[in-house]
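Just below is one structure, and these are the notes that go with it.
The values are calculated or read from the model by the stated rules, or taken from the named source; none is laboratory data. Note that this is a predicted model, so its numbers are computed, not measured. In this analysis, Cβ positions are derived from the backbone assuming ideal geometry, glycine residues included, and neighbour counts consider all displayed protein chains.
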Amino acid sequence: MYKEIYKKIKKYNNIVIARHIGPDPDALASQMALRDSIKLTFPDKNVIAVGSGSSKFSFIGSLDKLEEFDEALLIVTDTPDIKRIDGVDISKYSYKIKIDHHPFIEKFCDIEYIDDSASSACEIIMDLILNTKLRCNKSIAKTLYTGLVSDSNRFLFNTCTPKTFRLAAKYLEDYKFDLSKLYQKLYARPLNEVRLEGYISSNMEVTDNGLGYIKITDKIVKEYGVDAASAGNMVNNYNFIEEVLVWVTMTEDVNNDQIRISIRSRGPAINKVAEKYNGGGHKMAAGVKAKTFTEANKLIKDLDKIVKEYNKERE
């Protein structure tokens, strides 16, 4: 399928690359690296990466202003369903390609390349470049590695396979980018976020079944001087608590009138519960945007049930 994707990229002079709302490093890095690779390979093409930016991850690169083309190819990375696409109306495009590593939810593109065994969308883009005539350079390689290492949580998740490590090693060997500088930009945090992490650790509720959860109200967000997105991103810091199998952060985001819910698991599959509440993600990592804490509390009860069932199956 890589050859078919390359043929379409070669055919169209106008290419728009989109990804999901509320972007993480993998979403941003996959679309920007693919944009830059196509532009490096075909300098005369109009190639743009679009969507709302993230000041927290601005070091990854710059996005482009959406342009209207009469005939254009749309490539959507890291996004399993239409409702989560950021900033584009897919009906306006002549041809559409999906490149994703999430479990399948719905078909909305002409070509859908889905590998839910991949650690990240960036891992797929790495493989795409190696198996086609798309070109790469040190900057593109570094961007791809950033997305991969972020979405795999520094290779800690079980989505990492021997192929993941082979690709990471090849790009590091071929392009020799500075890992220490990359990690400094990706993982450096202000003191107020570290203090909020302490608050979460001290106040996390844990059920008898092994569900850990924390409610972070707007009052707490303001008290610690963080934003709602930063608070939710801390969910990956609690992977190895012995008494917790599934853990959740619920953060009030008054600017967008929603509750940002991030869910992680070390066993029970959580994505189906997330989908029930109009969210989604992977079996072990998912997210939801609820309207109220009342809705969020219902999700917590559903999650606690699946943890309980998981424990019974293991007995």
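Things worth noting here:
- Which numbered condition Arg264 misses (of (1) free of Cβ contacts under 8 Å to residues at least 60 places away in the same chain; (2) part of a helix (DSSP H, G or I); (3) out of contact with any Lys or Arg (no Cβ under 9 Å at 6 or more places or on another chain)): (2)
- Residue check for Phe293: under 18 Å from Ile214 (Cα atoms) and either among the charged types (D, E, K, R) or without any contact (Cβ under 8 Å) to a residue 60 or more places away in the chain (or both): no
- Selection within the stretch 186-207 - loosely packed, with under 15 Cβ neighbours inside 10 Å and touching a helix residue (DSSP H, G or I) at 6+ places or on another chain (Cβ under 7 Å): Asn192, Arg195
- Of all residues in the stretch 93-106, none that is not assigned by TED's automatic domain parsing to the domain that holds Leu66 and basic (Lys, Arg) has its Cβ atom under 8 Å from the Cβ atom of a residue that is surrounded by 21 or more Cβ atoms within 10 Å (Cβ to Cβ) and assigned to a loop (DSSP other than H, G, I, E, B), 6 or more apart or on another chain.
- Just one residue in the set Leu128, Leu148 is assigned by TED's automatic domain parsing to the domain that holds Ile75, part of a helix (DSSP H, G or I) and in contact with a Cys (Cβ under 6 Å, 6 or more places away or on another chain); that residue is Leu148.
- Yes/no for Met1 being farther than 13 Å from Ile129 by Cβ and either touching a Gly at 6+ places or on another chain (Cβ under 9 Å) or surrounded by 15 or more Cβ atoms within 10 Å (Cβ to Cβ) (or both): no
- Test for Glu275: is it surrounded by fewer than 19 Cβ atoms within 10 Å (Cβ to Cβ), farther than 29 Å from Ile114 by Cβ and not aliphatic (A, V, I, L, M): no
- Residue under evaluation Phe57, criteria (1) over 25 Å from Met1 (Cβ atoms); (2) surrounded by fewer than 17 Cβ atoms within 10 Å (Cβ to Cβ), criterion not met: (2)
- Qualifying residue in the stretch 108-120 (condition: in contact (Cβ under 8 Å) with a residue 40 or more places away in the chain, over 14 Å from the mean Cα position of the chain (by Cα), closer than 30 Å to Arg266 by Cα and surrounded by fewer than 21 Cβ atoms within 10 Å (Cβ to Cβ)): yes
- Test: residue in the stretch 283-295 that is closer than 25 Å to Lys56 by Cβ, at pLDDT 95 or above and part of a helix (DSSP H, G or I): yes
- Residue in the stretch 215-232 that is farthest from Glu313 (Cα to Cα), counting only those that are assigned to a loop (DSSP other than H, G, I, E, B) and at pLDDT below 95: Gly225
- Residue check, Phe157 modelled with pLDDT of 95 or more and either surrounded by fewer than 17 Cβ atoms within 10 Å (Cβ to Cβ) or assigned to a loop (DSSP other than H, G, I, E, B) (or both): no
Each row is one residue, and each column tells you yes or no for (1) assigned to a helix (DSSP H, G or I); (2) farther than 22 Å from Ala274 by Cα; (3) among the polar types (S, T, N, Q).
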residue	(1), (2), (3)
Asn192	yes, yes, yes
Ser201	yes, yes, yes
Asp208	no, no, no
Tyr213	no, no, no
Met234	yes, no, no
Asn237	yes, no, yes
Val244	no, no, no
Met250	no, no, no
